[in-house]
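FYI, it's all coordinate maths here, none of it is from the lab. On a predicted model such as this, the values are computed, not experimentally measured, just so you know. Note that each Cβ is placed from the backbone with ideal geometry, even for glycine, and that neighbours are counted across all protein chains shown.
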Amino acid sequence: MKMYKLSVLIEKDEDNMYVAKVPDLPGCHSQAKNMQELMKRIKEAIQLCLEVKKHDKTRIDISEFVGVQRIEVKA
């Protein structure tokens, strides 16, 4: 088995649920009420997404995480 290191974006939604998204795997996401459960669920989701990509022979391109910036703009 190959080991993957992936970046996971975690946010809190309007219902105070933690939501995890994997930018390198479009459509790969999960949610939970706490971080411990979220990490368990997103790992399972990642494994499923990777299996689908392997089965479809889709190339998996993993980018290097650089950082997150919060900016303020007027609109």
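Pairing residues of the stretch 50-67 that are outside any helix (DSSP H, G or I) with residues that are small (G, A, S), at Cβ distances under 6 Å and at least 6 apart in sequence or on separate chains, gives F65/S7. Checked against the criteria, R59 counts as loosely packed, with under 10 Cβ neighbours inside 10 Å and among the basic types (K, R).
Taking (1) surrounded by 13 or more Cβ atoms within 10 Å (Cβ to Cβ); (2) in a loop (DSSP other than H, G, I, E, B) in turn, M1 satisfies each apart from (1). Tell me whether the stretch 17-36 contains one or more residues that are under 12 Å from the mean Cα position of the chain (by Cα), in a helix (DSSP H, G or I) and not β-branched (V, I, T). Within the stretch 17-36 (the criterion being under 12 Å from the mean Cα position of the chain (by Cα), in a helix (DSSP H, G or I) and not β-branched (V, I, T)), the answer is no, since none of the residues qualifies.
In the stretch 1-16, the residues that are within 14 Å of V66 (Cα to Cα) reach residues that are surrounded by 10 or more Cβ atoms within 10 Å (Cβ to Cβ) and of a type in the set (K, R) with C-beta atoms within less than 6 angstrom, at least six apart or across chains, in these pairs: L9/K21.
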